[in-house]
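Derivation of every value follows stated rules applied to the coordinates shown; laboratory data play no part. Values in this document were obtained by computation on a predicted structure and should not be read as measured data. Heads up, the Cβs are rebuilt from the backbone with ideal geometry, glycines too, and the neighbour counts pull from every protein chain shown.
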Amino acid sequence: MRFPFLKHSVSYRREEVDAGGNPVGIGGMAAIISEDLDMDTIDQALADLPVDIANVNSSEQVISGAASAFPKVAVRLAEAIHGDQTFRYVPLM
């Protein structure tokens, strides 16, 4: 590590937690952008996948977890968010 003192910073610790103990390159993040997202719907759609909602503070949510699950995440979200509601799924990897 280039700056060892950063290992004790809040942002470093958050990165460790968000990665869920996965080695570097194994985890990922994605944004789900839509108006009036229902967190329960998203939570249920992703319940058995190794991903978590990383924030619940706006209509633009971020999920994080195992990058290998992200193709399934896109499919599940398309199935769960339907009707007239539109959304964008943006991988941040």
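In what order do 37, 92 fall by count of nearby beta-carbon atoms within 10 Å, going from fewest to most?
Numbers: 37 20, 92 11.
Ordered from fewest to most neighbouring Cβ atoms within 10 Å, 37, 92 come out as 92, 37.
Sort 42-53, 62-73 by packing, meaning the average of other beta carbons within 10 Å per residue, with the highest value first.
Values: 42-53: 15.7, 62-73: 18.2.
Most protected by this proxy first, the peptides run 62-73, 42-53.
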